[in-house]
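In what follows, a single structure is set out as structure tokens and then discussed.
The values are calculated or read from the model by the stated rules, or taken from the named source; none is laboratory data. Fair warning: this is a prediction, and the values are worked out from it, not measured in the lab. Note: ideal-geometry Cβ built from the backbone for every residue, glycine included; neighbour counts use all protein chains shown. What goes into the accessible areas is simple: the full protein's heavy atoms, side chains included, and nothing from ligands, DNA or RNA. Shrake-Rupley method; radii C 1.70, N 1.55, O 1.52, S 1.80 Å.
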Amino acid sequence: MDRLSDYIQKQYGNNPRWFEDECNSAYHVNRISHVISNRDYLSGRHKVLNRQDSKYKGKVLVTRKTILQYAKTVLRFHNAYLLGKQVQLSTKDNNTLKTLTDIYRLGDYSTVDYEILDHVNKYGDAYEAIYVEDGVIRSKVLDNASAYPVYDDMGNKVSFLENWTDAFTNITYWNVYYPTYVEHWTNEGGEVNLLGTDRCVGLPIHYHNFNDEDENFGRALLDDIIPIMDELEDIMSKMGDAIYTNTLNVLPIAIGQRIESSIPADAVGFVMNIDAGDFKYASCNMDYNTIKLYLDNLKQMLNDVACIPSVLGSSTNISNISEVSMQILMMMANLFADENKKWLNIGFKQRFKRFQQILAMQGINIDSDVDVIYNVSMPVATTEMITNLKALQEMGAISKETIMEKSEYITDVDVEKKRLQGEM
């Protein structure tokens, strides 16, 4: 509280409603605007929609505005690649492992972890609030557009704010988090007043990836994809218009003396002679190789920036590929996943400490030194993998339980062990 008190005194002169000014600060306004901008993009409101219509043959030509939602595919790929399968926990204390496994199962933390990674890839940041409901420890991933983490000049997180306005009633709400409690404020009735307080165990956990510009906030993968996608959508839309106007619906041009008379509609073999003139179609031939080279390079740059193998987004057929070859294809995705693991583990360590605090209040002691094992969704050659696991087991270098954990055919190791014991 000392750091927070110093921050409120220094920045807002001990104003009891300091949270209003904090939410309205220029930094937070710009940050929330960027979150909303990314959300609009994911909803289909792209830059290409701003293309103006034109005129062709005396009429309004509604220009094409081709929207490619490929960014969603990239985000889903990375989310599912790292956290599509539930993580496993590892610790030296068996009681701690059982307790945490039960918490993860009852709190549906596989979904929570997926949401955290999804939010960071979309917006650069994610916020997890841990609470107890009906005796069960749960977590909620907060809305990025309503989240305001408060950092002091030294980069220490001193508070956390939630701020939103109800679209129907136009009433604004604030949740002001302190280390041990949270205040609920509202402006219902025209005056800002305190509704009440609740206990909490620490501030919401702030997950973010690595950002060279700001150590306290992350940078979304989506931000790197949007510029290339804007260029692809722009060129595809213009190419569509060019094909229609210059190839499929060309403009006929007659040069010479204008003939006022007409030819019968059912005429066959008629010939018209005029003193001088010419007749042709105004069209242009597009350079196929140049256009293909440009589009192929854009797509390749997109795949490189998005860290996905190009073979996943094409119709290329692959067969008889070894596990080593597959790892080479997925190398960029693995590097991106390894980076995601690092900042996820920073947040997970805070999560386990919160679990330890909550359980200590209930008289249960656990060890917060827990490792998270990620089950990456790497395509594998099943036969080759089983052969390698069998060789390791015959060498005495791996246990049968570890083999079960590595096998994609076994989803619950404990259940499978009980079944095996029942067959003996």
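Residues of segment 184-213 that are under 29 Å from residue 114 (Cβ atoms), in contact with a strand residue (DSSP E or B) (Cβ under 9 Å, 6 or more places away or on another chain) and open to solvent by less than 40 Å² (accessible area, probe 1.4 Å): 200, 201, 202, 203, 204, 205, 206, 207, 209.
Mind listing whichever residues of segment 137-154 are modelled with pLDDT of 95 or more and of a type in the set (A, V, I, L, M, F, W, C)? If the condition is that a residue be modelled with pLDDT of 95 or more and of a type in the set (A, V, I, L, M, F, W, C), then 137, 141, 142, 145, 147, 150 are the ones that fit.
A quick yes/no check of all residues on (1) within 15 Å of residue 237 (Cβ to Cβ); (2) out of contact with any Asp or Glu (no Cβ under 9 Å at 6 or more places or on another chain); (3) free of Cβ contacts under 8 Å to residues at least 12 places away in the same chain:
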{"position": "29", "(1), (2), (3)": "no, yes, yes"}
{"position": "33", "(1), (2), (3)": "no, yes, yes"}
{"position": "36", "(1), (2), (3)": "no, yes, no"}
{"position": "41", "(1), (2), (3)": "no, yes, no"}
{"position": "48", "(1), (2), (3)": "yes, no, no"}
{"position": "53", "(1), (2), (3)": "yes, yes, yes"}
{"position": "61", "(1), (2), (3)": "yes, no, no"}
{"position": "66", "(1), (2), (3)": "yes, no, no"}
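Conditions tested, residue by residue: (1) over 20 Å from the mean Cα position of the chain (by Cα); (2) farther than 18 Å from residue 67 by Cα.
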{"position": "209", "(1), (2)": "no, yes"}
{"position": "212", "(1), (2)": "no, yes"}
{"position": "222", "(1), (2)": "no, no"}
{"position": "226", "(1), (2)": "no, no"}
{"position": "236", "(1), (2)": "yes, no"}
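Among the residues of segment 11-27, the ones that are in contact (Cβ under 8 Å) with a residue 24 or more places away in the chain and farther than 12 Å from residue 150 by Cβ come to 2 in all. Does residue 82 satisfy the criteria of being in a helix (DSSP H, G or I), more than 30 Å from residue 241 (Cβ to Cβ) and open to solvent by less than 60 Å² (accessible area, probe 1.4 Å)? Yes.
Quick check, is residue 338 of a type in the set (Asp, Glu), modelled with pLDDT of 90 or more, closer than 28 Å to residue 115 by Cβ and open to solvent by 60 Å² or more (accessible area, probe 1.4 Å)? So residue 338 fits the description; yes. For segment 135-175, name all the residues that are open to solvent by less than 50 Å² (accessible area, probe 1.4 Å), farther than 23 Å from residue 121 by Cβ and in a strand (DSSP E or B). Those that are open to solvent by less than 50 Å² (accessible area, probe 1.4 Å), farther than 23 Å from residue 121 by Cβ and in a strand (DSSP E or B): 136, 137, 150, 158, 159, 161, 163, 172, 174, 175.
In the set (1) modelled with pLDDT of 65 or more; (2) part of a helix (DSSP H, G or I); (3) open to solvent by less than 90 Å² (accessible area, probe 1.4 Å), the condition left unmet by residue 253 is number (2). Among the residues of segment 365-413, those identified as assigned to a helix (DSSP H, G or I), among the charged types (D, E, K, R) and at pLDDT 75 or above are 390, 394, 400, 401. Of all the numbered requirements in (1) open to solvent by less than 10 Å² (accessible area, probe 1.4 Å); (2) more than 24 Å from residue 378 (Cα to Cα), residue 120 misses one, and that requirement is (2). Does at least one position in segment 91-107 carry a residue that is modelled with pLDDT under 95, touching a Gly at 6+ places or on another chain (Cβ under 7 Å) and not in a helix (DSSP H, G or I)? Scanning segment 91-107, I find no residue that is modelled with pLDDT under 95, touching a Gly at 6+ places or on another chain (Cβ under 7 Å) and not in a helix (DSSP H, G or I), so the answer is no. For segment 90-105, the criterion of being surrounded by 14 or more Cβ atoms within 10 Å (Cβ to Cβ) and under 13 Å from the mean Cα position of the chain (by Cα) is met by no residue.
For segment 5-52, the candidate set comprises residues that are open to solvent by 80 Å² or more (accessible area, probe 1.4 Å) and over 30 Å from the mean Cα position of the chain (by Cα); within that set, the residue that is farthest from residue 142 (Cα to Cα) is 52. What pairs come up if the first residue lies in segment 347-361 and is within 11 Å of residue 201 (Cα to Cα), the second is in a helix (DSSP H, G or I) and open to solvent by less than 30 Å² (accessible area, probe 1.4 Å), and their beta carbons are under 7 Å apart, counting only those six or more places apart or on different chains? Close Cβ pairs satisfying both conditions: 355/100; 355/103. Filtered by the rule that a residue be in a strand (DSSP E or B) and β-branched (Val, Ile, Thr), segment 176-188 gives 176, 182, 186. Cβ separations smaller than 6 Å between residues 6+ apart or across chains give the following pairs from segment 226-251 residues that are over 22 Å from residue 34 (Cβ atoms) and among the hydroxyl-bearing types (Ser, Thr, Tyr) to residues that are part of a helix (DSSP H, G or I) and at pLDDT 80 or above: 237/48. Being surrounded by 12 or more Cβ atoms within 10 Å (Cβ to Cβ), out of contact with any Phe, Trp or Tyr (no Cβ under 9 Å at 6 or more places or on another chain) and of a type in the set (Gly, Ala, Ser), is that true of even one residue in segment 394-403? No, the conditions are met nowhere in segment 394-403.
For segment 68-79, the candidate set comprises residues that are free of Cβ contacts under 8 Å to residues at least 60 places away in the same chain and open to solvent by less than 80 Å² (accessible area, probe 1.4 Å); within that set, the residue that is farthest from the chain's Cα centre (by Cα) is 69.
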